[in-house]
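Peer 1: Just dropping this structure here.
Nothing in this text is a laboratory measurement; each read-out follows from the coordinates by a stated rule. As the structure is a computational prediction, the values presented were derived from the model and not from experiment. Here Cβ is always computed from backbone atoms with ideal geometry, including for glycine, and neighbour counts include all displayed protein chains.
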Amino acid sequence: MTAKDSGGTKFLQVKNLIIHYETDNGVVEAVNNISFEMNRGETLSLVGETGAGKTTTALGILSLVPNPPGKVIGGEIILDGENLLKKNAPQMRKIRGNKISMIFQDPMTSLNPIETVGAQIAEVIRLHNKVSRAEAIQRACDMLEKVGIPAERYTDFPHQFSGGMKQRVVIAIALACSPELLICDEPTSALDVTIQAQVLDTMRQLKDEFQTSMLMITHDLGVVAETSDNVAVMYAGEIVEYGTLRQVFKDTRHPYTRALFDSLPDIGKDVERLAPIKGMTPDPSNLPACCSFYNRCSHRTERCAQIDPKAYDAGDGHLVKCLLAGGEVREP
Amino acid sequence: MPKMSTPAIEAFQKKQKARPRLAAGQGKENAESVSVPLWVESWRRLVRRPTAVLGMIIFLALVSMALFPSLIAPEGYDNQQFTRLFLPPNGQNIMGTDNLGRDVFSRVVYGASYSMRVGFFAVLSSCLFGGVLGSIAAFYGSRVDNIIMRFLDIILSIPSILLAIAITSVLGASLTNLIIAISVSDFPHYARIVRASILGIKEQEFVEAARAIGASDARIIFRHLLPNAMAPIIVQATVGLGMSILSCASLSFIGLGIQPPLPEWGTMLSTGREYIREYWWLVVFPGMFIMLAVFSVNLFGDGLRDALDPRLKR
């Protein structure tokens with residue numbers, strides 16, 4: 001399935017979303033005019049460096065951007081035909097944890113240290129379902145078993161679990177109400193590699209079981225390759241390349257995405273040094289008027305310094321925000 | 001302290017028993033292999049400290065005096081016998097008798113209940129008020145925070161004993177008014193402490209996670225933030241208990257608290273003051289009990305603070 005086809009209404013549509021942080025030191029343009037779509041049961045990865053606006057996008061979908069200083073300036077977030085940005089606070093509370101769940105980056109701190117893990121799972125179940133205490137406990141035990149933790153550990157506290165186990169508990173909380181959309185904010189960054197694989201595996205199984213769509217936020221291209229259907233590469237608050245996993249990984253068009261792949265170590269090649277992307281991401285409170293990747297781009301031309309390119313379709317819904325893809329400039 | 005809903009756990013344990021594959025012994029073994037709950041751990045650390053245990057024993061003795069005075073005191077507090085005025089401490093009246101021939105020991109025992117009641121309820125109400133105001137200020141921040149905290153600053157800028165005197169002289173002297181006076185001058189301290197600890201806790205990710213599962217503000221404050229801020233509140237409460245007992249005695253001493261003939265310690269000091277040159281036991285024993293009460297509470301509070309601090313874990 002490509003990002004473009006399948007017609008009809010999409011499950012989640014984010015259109016022209018703009019989120020700013022208004023601080024004393026000026027306006028931080030964290031998310032600039034991004035759009036993407038997801039179908040039911042699909043996984044979309046948001047990839048990018050630290051500070052590219054991935055987490056802000058996720059918080060925007062949940063209406064959890066800290067305000068002040070954060071502010072959604074414009075755009076639409078349409079879930080199942082309803083614009084989430086038009087919902088009031090009680091309506092959003094009903095959606096959070098029920099229709100949309102989020103898994104946070106650090107399992108060490110995303111559980112309440114003084115409540116038993118079971119009670120924390122039961123809490124979300126009782127928040128969104130009219131069930132008796134005993135039934136909530138029963139369902140919480142079932143969820144624990146589903147993520148691979150024996151139900152006997154219901155009464156244990158978070159500090160009695162290892163990092164990977166904690167992340168499983170977090171997953172159990174997120175999936176307890178069978179959400180339709182699961183947002184994962186770097187769910188495996190705080191875990192070591194073997195545990196990462198296990199957790200990803202569990203997530204994939206449960207995602208299939210619950211028919212959940214997943215928005216995966218990560219900077220790990222390996223995780224992307226393992227989990228995603230579609231990929232959106234973010235840079236300085238914009239989506240610079242957007243397409244199916246195959247389009248982005250095999251037919252990489254944007255110079256930034258290419259540079260990302262080039263900076264990965266290759267097991268088949270013997271190199272002295274990795275090839276980093278030179279320079280820094282631009283200051284989001286002072287973005288250039290031209291292409292935001294201009295300063296670091298190895299393919300830049302004079303024309304790039306003059307205009308901010310739009311997203312060009314490089315074929316089959318493969319969107320690339322670069323003049324190269326638009327054919328306006330030639331590869332040097 | 002871990003907040004565990006007992007019915008939930010019981011229901012769970014029932015269910016666990018129902019599970020065939022979980023033999024009874026196996027569950028127990030499992031419970032022992034994992035570490036003990038936080039409050040058991042804290043209790044163990046507490047009883048390892050001799051000073052804390054000493055404070056706790058004295059304090060418990062005073063509490064039992066307050067709860068069952070008639071069992072401990074040999075006589076009633078108002079048993080006047082004019083045949084034994086100003087008897088020095090002896091075998092019959094171990095703390096002597098006073099100007100009306102009442103047994104000083106019995107009066108001291110009955111007096112414990114006033115100090116304990118005032119201390120306990122004053123601490124309870126200032127904890128509640130201070131806790132709620134402090135957590136609201138910390139949670140909502142900016143303008144709400146500013147308004148609440150400046151209001152508390154105003155109260156704190158009035159000397160607390162003067163404020164209490166003003167309140168009791170307006171409301172009249174009674175046990176309830178004494179509690180109100182002490183709470184009003186005390187609760188800003190609790191609010192400050194709660195605010196400070198919640199400011200730290202609310203930045204942690206589990207609070208955001210609670211929002212992400214759709215918890216309301218009130219739920220986050222009462223279920224996730226306040227229980228996590230419990231340790232400093234408990235410590236402040238024990239220190240505050242000593243202060244409240246002292247305030248209660250001071251206000252009674254100057255005649256704005258418990259009125260004679262009721263045997264409040266401060267009141268006893270105040271009436272005994274006239275006879276201090278000749279009959280020292282009229283003031284020494286009530287005074288000693290005030291000191292003992294505050295001292296034991298402070299020792300206990302110190303030990304509690306250390307026991308609740310996980311960084312001092314061995």
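Peer 1: Can you sort B:I158, B:I213 so the residue with the fewest Cβ neighbours within 10 Å comes first?
Peer 2: Working: B:I158 13, B:I213 25.
With the fewest neighbours first, B:I158, B:I213 line up as B:I158, B:I213.
Peer 1: Tell me which aspartates and glutamates have Cα within less than 15 Å of A:K15's Cα, excluding those fewer than 8 residues away on the same chain?
Peer 2: Within reach: A:E37, A:E76, A:D80, A:E82, A:E238.
Peer 1: Regarding the stretch B:133-199, what is the average projected area of its C-alpha convex hull, in nm²? Don't skip to the end; give the middle numbers.
Peer 2: Working: hull surface 18.1 nm².
Across all orientations, the stretch B:133-199 yields a mean hull projection of 4.5 nm².
Peer 1: Could you give the Stokes-Einstein D for the stretch B:38-312 in µm² per second, using the C-alpha Kirkwood radius, 37 °C, 0.692 mPa s?
Peer 2: On the way: Rh = 20.4 Å.
Value of D from the Cα-based Kirkwood radius: 161 µm²/s.
Peer 1: On C-alpha positions alone, give me the angle between the axis of helix A:193-210 and the longest principal axis of chain A, in degrees, nearest 10.
Peer 2: With rounding to tens, the tilt is 70 degrees.
Peer 1: Still on this structure: Which one of B:A293, A:N295, A:T227 has its Cα pushed farthest toward the positive end of the charge dipole of the protein assembly as shown, where Lys and Arg give +1 and Asp and Glu give -1 at the Cβ?
Peer 2: The listed residue farthest towards the positive side: B:A293.
Peer 1: Under a 10 Å cutoff between Cα atoms, tell me which one of A:T109, A:T202, A:T56 has the largest fluctuation in the Gaussian network model of chain A.
Peer 2: Comparing A:T109, A:T202, A:T56 in the GNM, the peak value goes to A:T109.
Peer 1: Next question, about the same structure. With a Cα-only, solvent-free Debye model of the stretch A:153-294, what are the log10 I(q)/I(0) values at q = 0.09, 0.12, 0.16, 0.17 Å⁻¹?
Peer 2: Log10 I(q)/I(0), no solvent term: -0.38, -0.64, -1.01, -1.08.
Peer 1: Please report the net charge: other residues with Cβ closer than 15 Å to the Cβ of B:R84, K and R +1, D and E -1.
Peer 2: On the way: positive: B:R102, B:R107; negative: B:E75, B:D78, B:D98, B:D103.
Combined, the nearby Lys, Arg, Asp and Glu give -2.
Peer 1: Let me ask another. Let me know the volume per residue of the alpha-carbon convex hull for the stretch A:76-123, in Å³. Each step should come with its number before you reach the end.
Peer 2: Values: hull volume 5.0 nm³, N = 48.
About 104 Å³ per residue, rounded to a whole number.
Peer 1: Which of the trypsin sites (Lys or Arg not before Pro) found in the stretch A:125-170 are in a DSSP loop and have at most 15 neighbouring Cβ atoms, other than their own, within 10 Å?
Peer 2: Passing both the DSSP loop test and the Cβ count: A:K130.
Peer 1: Hey, another quick one. On a 0 to 90° scale, report how tilted helix A:163-175 is relative to the longest principal axis of chain A, with both axes built from alpha carbons and the result rounded to the nearest 10.
Peer 2: Relative to chain A, helix A:163-175 is tipped by roughly 80 degrees.
Peer 1: Among rounded, prolate and oblate, which fits the stretch A:224-279 when a ≥ b ≥ c are the square roots of the eigenvalues of its C-alpha gyration tensor, a/c under 1.5 means rounded, and a/b larger than b/c means prolate? Can you show the working numbers first?
Peer 2: Working: a/c = 2.45, a/b = 1.39, b/c = 1.76.
The shape class here is oblate.
Peer 1: Using only atoms on other chains, find how many Cβ atoms lie within 10 Å of each Cβ of peptide B:198-209 and report the average. Mind dumping the intermediate values first?
Peer 2: Numbers: counts 0, 0, 0, 2, 0, 1, 7, 10, 13, 3, 8, 15.
Whole-number average of other-chain Cβ neighbours for B:198-209 is 5.
Peer 1: Taking a quarter of the surface of the convex hull around the Cα atoms of the stretch B:169-314, what do you get in nm²? Can you show the working numbers first?
Peer 2: Details: hull surface 48.6 nm².
Here the figure is 12.2 nm², rounded to one decimal.
Peer 1: Among rounded, prolate and oblate, which fits chain A when a ≥ b ≥ c are the square roots of the eigenvalues of its C-alpha gyration tensor, a/c under 1.5 means rounded, and a/b larger than b/c means prolate?
Peer 2: prolate
Peer 1: At 20 °C and a viscosity of 1.002 mPa s, what translational diffusion coefficient does Stokes-Einstein give for the stretch A:22-69, taking Rh as the Kirkwood radius over Cα pairs? Give it in µm²/s as a whole number. Mind dumping the intermediate values first?
Peer 2: Values: Rh = 12.5 Å.
It diffuses with D of about 172 µm²/s by this estimate.
Peer 1: Which Rg and Dmax, in Å, describe the Cα atoms of the protein assembly as shown?
Peer 2: Final numbers for Rg and Dmax: 33.2, 119 Å.
Peer 1: Under the definition of partner shielding as Cβ atoms of other protein chains within 10 Å of a residue Cβ, what is the mean value for peptide A:148-161?
Peer 2: Values: counts 0, 0, 2, 5, 9, 2, 6, 10, 5, 6, 1, 3, 3, 1.
Whole-number average of other-chain Cβ neighbours for A:148-161 is 4.
Peer 1: Is there a quick way to get the dipole size of the protein assembly as shown? I mean about its Cα centre, with the Cβ of Lys and Arg at +1 and of Asp and Glu at -1; what is the value in debye to the nearest 20? Don't skip to the end; give the middle numbers.
Peer 2: Details: 64 positive and 63 negative charges, 254 e Å.
So the magnitude is around 1220 debye.
Peer 1: Another question, if that's okay. Among the trypsin sites (Lys or Arg not before Pro) in the stretch A:268-332, which ones are in a DSSP loop with at most 12 other Cβ atoms within 10 Å of the Cβ? Mind listing them? Display every interim value, and only then the final one.
Peer 2: Details: sites: A:K269, A:R273, A:K278, A:R296, A:R300, A:R303, A:K310, A:K321, A:R330; in loops: A:K269, A:R273, A:K278, A:R300, A:K310, A:K321, A:R330.
Taking the stretch A:268-332 and a limit of 12 other Cβ atoms within 10 Å, the loop trypsin sites (Lys or Arg not before Pro) found are A:K269, A:R273, A:K278, A:K310, A:R330.
Peer 1: While we're looking at this one, here's another question. If the elastic network links every pair of Cα atoms under 10 Å, which of A:L182, A:L62, A:L287 fluctuates the most in the Gaussian network model of chain A?
Peer 2: Looking only at A:L182, A:L62, A:L287, the biggest GNM fluctuation is shown by A:L287.
Peer 1: With n ≥ 4 as the cut-off for DSSP H runs, can you work out [θ] at 222 nm for chain A, using -39500 (n - 2.57) per run divided by the number of residues, rounded to the nearest 500? Write down the numbers at each step before the final one.
Peer 2: Details: 10 runs with 97 residues, N = 332.
-8500 deg cm²/dmol, from helical runs alone.
Peer 1: Taking the Cβ of B:R195 as the center, what net charge do the other residues with Cβ under 11 Å away carry, scoring Lys and Arg +1 and Asp and Glu -1? Please report the intermediate quantities before stating the final value.
Peer 2: Numbers: positive: B:R192, B:K202; negative: B:D145.
Here the charged neighbours net out to +1.
Peer 1: Treating each Cα of the stretch A:86-168 as an identical point scatterer and ignoring solvent, apply the Debye formula and state log10 I(q)/I(0) at q = 0.12, 0.17, 0.26 Å⁻¹.
Peer 2: The Cα Debye sum returns log10 ratios of -0.37, -0.73, -1.35.
Peer 1: Shielding of B:226-236 by partners, i.e. mean partner chain Cβ atoms within 10 Å per residue? Could the numbers behind the result be given before it?
Peer 2: On the way: counts 0, 4, 4, 0, 1, 1, 0, 0, 0, 0, 0.
Neighbouring Cβ atoms belonging to other protein chains average 1 per residue here.
Peer 1: Just going by the charge dipole of the stretch B:38-312, with Lys and Arg at +1 and Asp and Glu at -1 on Cβ, which of B:S142, B:A52, B:Q259 is farthest out on the positive end?
Peer 2: B:S142
Peer 1: Suppose every Lys and Arg Cβ carries +1 and every Asp and Glu Cβ carries -1, with no other charges. What dipole size does chain B come out with about its Cα centre, to the nearest 20 debye? Can you show the working numbers first?
Peer 2: Working: 29 positive and 21 negative charges, 256 e Å.
The calculation lands at about 1240 debye.
Peer 1: With just the Cα atoms defining each centre, how far is the stretch A:176-244 from the stretch B:105-170? Give it in Å.
Peer 2: 51
Peer 1: On a 0 to 90 degree scale, rounded to 10, what angle separates helix A:133-146 from the longest Cα axis of chain A?
Peer 2: The two axes meet at around 50 degrees.
Peer 1: Check each of the trypsin sites (Lys or Arg not before Pro) in the stretch A:68-99 and keep only those in coil by DSSP with at most 16 other C-beta atoms within 10 angstrom; list them in order.
Peer 2: Numbers: sites: A:K71, A:K86, A:K87, A:R93, A:K94, A:R96, A:K99; in loops: A:K87, A:K99.
Answer by residue number: A:K87.
Peer 1: Moving on to the next point. Taking GluC sites (Glu not before Pro) as exposed when DSSP calls them loop (any state but H, G, I, E, B) and at most 10 other Cβ atoms lie within 10 Å, what is the longest stretch of chain B free of them, the sites themselves excluded? Numbers along the way, then the final one.
Peer 2: On the way: sites that count: B:E203, B:E278.
No qualifying site falls inside B:1-202, the longest such stretch.
Peer 1: Sort the stretch B:173-255 into rounded, prolate or oblate with this rule: let a ≥ b ≥ c be the square roots of the eigenvalues of the Cα gyration tensor; rounded if a/c is under 1.5, and if a/c is not under 1.5, prolate when a/b is larger than b/c, oblate otherwise.
Peer 2: Details: a/c = 4.31, a/b = 2.86, b/c = 1.51.
Because a/c hits 1.5 or more and a/b exceeds b/c, the stretch B:173-255 counts as prolate.
Peer 1: Nothing charged except the Cβ atoms of Lys and Arg (+1) and of Asp and Glu (-1): what's the magnitude of the dipole of chain A about its Cα centre? Round to the nearest 20 debye.
Peer 2: Details: 35 positive and 42 negative charges, 135 e Å.
Computed charge dipole of chain A: roughly 660 debye.
Peer 1: Of A:S263, B:S252, B:S135, A:S63, how do they rank once you tally other Cβ atoms within 10 Å and put the fewest first?
Peer 2: Details: A:S263 12, B:S252 28, B:S135 24, A:S63 21.
Taking fewest neighbouring Cβ atoms as first place, the list is A:S263, A:S63, B:S135, B:S252.
Peer 1: Which helices, taking whole DSSP H runs in chain B, have alpha carbons extending 30 angstrom or more along the helix axis plus mean Kyte-Doolittle at least -1.0? Mind showing how you got there, number by number?
Peer 2: Values: long enough: B:104-140 (53 Å, 1.27); B:175-201 (37 Å, 1.09); B:230-253 (34 Å, 1.58); B:281-308 (40 Å, 1.41).
Span-like helices here: B:104-140, B:175-201, B:230-253, B:281-308.
Peer 1: For a quick check: sort A:E145, A:E302 by the number of other beta carbons within 10 angstrom, fewest at the front. Could you put the intermediate results ahead of the total?
Peer 2: Details: A:E145 12, A:E302 7.
With the fewest neighbours first, A:E145, A:E302 line up as A:E302, A:E145.
Peer 1: Calculate the tail of P(r) for the stretch B:32-185: the fraction of all Cα-Cα distances greater than 26 Å, expressed in %. Can you show the working numbers first?
Peer 2: Values: 6562 of 11781 pairs.
Tail of the P(r) past 26 Å holds 56 percent of the pairs.
Peer 1: Among A:P255, A:P282, A:P90, which one shows the biggest mean-square fluctuation in a GNM of chain A, springs joining Cα atoms closer than 10 Å?
Peer 2: Per the Cα network of chain A with a 10 Å cutoff, A:P90 tops the list.
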